[in-house]
1. Accessible surface of S64 in the full protein assembly, 1.4 angstrom probe, to the nearest 10 Å²?
2. Under a Cβ-Cβ cut-off of 15 Å, what is the net charge of the residues other than L22 that fall near it, where Lys and Arg count +1 and Asp and Glu count -1?
3. Order 37-49, 18-30 from most to least packed using the mean count of other Cβ atoms within 10 Å.
4. For segment 47-88, rounded, prolate or oblate, judged on the Cα gyration tensor with a ≥ b ≥ c (square roots of eigenvalues), a/c < 1.5 rounded, else prolate if a/b > b/c?
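The values are calculated or read from the model by the stated rules, or taken from the named source; none is laboratory data. Please read these numbers as outputs of a predicted model, since none were measured by experiment. All Cβ positions, even for glycine, are placed from backbone atoms using ideal geometry, and neighbour counts span all protein chains on display. Side chains included, ligands, DNA and RNA excluded: accessible areas come from the protein's heavy atoms. Shrake-Rupley method; radii C 1.70, N 1.55, O 1.52, S 1.80 Å.
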Amino acid sequence: HNSTLATGDLMCGSRLITHAALLPRAVQLTWGDNTVSNFHHTWLRDHCRQSVHPISHQREVPLSAICPDLTPSSVYLEQGPNGQALRVQWSSCADPTGAD
């Protein structure tokens with residue numbers, strides 16, 4: 001399962017992310033001003049845009065359905081038509097949406 005988060009979902013202001021690193025329990029982002037932020041894997045999966053209903057904007061996967069040992073296999077930054085985005089490829093635990 002892939003997740004995409006626009007950097008606007010993760011920050012205040014218009015700072016760009018310069019680096020994304022995978023840590024054991026979180027993804028660490030380094031911003032253009034050298035500020036470092038950590039985002040827990042479960043929080044990232046819970047806030048993934050692919051798990052939000054396109055009309056109601058309600059989360060379709062309950063937090064309780066997300067495996068507590070969820071771990072991404074990779075994270076990377078990309079530029080898209082709406083600006084910068086963080087891409088997360090999930091590797092462990094079954095996807096609660098059935099889209100493994």
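1. Near enough 110 Å² of accessible area.
2. On the way: positive: R25, R45, R87; negative: D69.
Cβ neighbours under 15 Å give a net charge of +2.
3. Working: 37-49: 17.4, 18-30: 14.2.
Top of the packing list down: 37-49, 18-30.
4. Numbers: a/c = 4.58, a/b = 1.18, b/c = 3.89.
Cα axes put segment 47-88 in the oblate bin.
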